[in-house]
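Down below is the structure, laid out as structure tokens.
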């Protein structure tokens, strides 16, 4: 069986309790580092910004960089 979504960037819609796959793929890209994140490893994202993060620390970093001073 051929897996069409292998090594392909997925397009997701991020929600507060999960995400919806809009375009099939096997990974997304971290908004801060540019690293590939496998969909089975994806745990951190911003619903407001609709972007994914590789780790909790990176998600906090992105939030703090956008915080008003």
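What follows draws every value from the coordinates through simple rules; no lab data is involved. Just so it is clear, the structure is predicted and the values come from calculations on it, not from any experiment. Please note: Cβ atoms are built from the backbone with ideal geometry, for glycine as well, and neighbour counts cover all protein chains shown.
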(request) Mind giving me the nanometre distance, one decimal, between the label points for residue 40 and residue 11, set 7 Å out from Cα along Cα→Cβ? (result) 2.5 nm
(message) Taking 8 Å as the Cα distance limit and 6 or more residues as the minimum spacing, I'd like the relative contact order of the stretch 11-66 as a percentage.
(response) 27 percent
(request) Specify the angular offset, from 0 to 90 degrees and rounded to the nearest 10, of the alpha carbon long axis of helix 56-66 from the longest principal axis of the alpha carbons in the chain. (result) 50 degrees
(request) Take every DSSP beta bridge whose two residues both sit in the stretch 11-66, then give the antiparallel share in percent to the nearest 5. (result) 90 percent
(message) Suppose the chain between residue 60 and residue 47 were pulled fully straight at 0.36 nm per residue; how much longer would it get relative to their current alpha carbon spacing?
(response) 3.3 nm
(request) Evaluate the distance, in nm, between pseudo-label points positioned 7 Å from the Cα of residue 67 and of residue 23 along their respective Cα→Cβ axes. (result) 3.4 nm
(request) Please work out which option in (1) 11.7, 34; (2) 10.8, 30; (3) 12.8, 53 gives Rg and Dmax of the Cα atoms in Å calculated from these coordinates, and answer with its label. (result) (3)
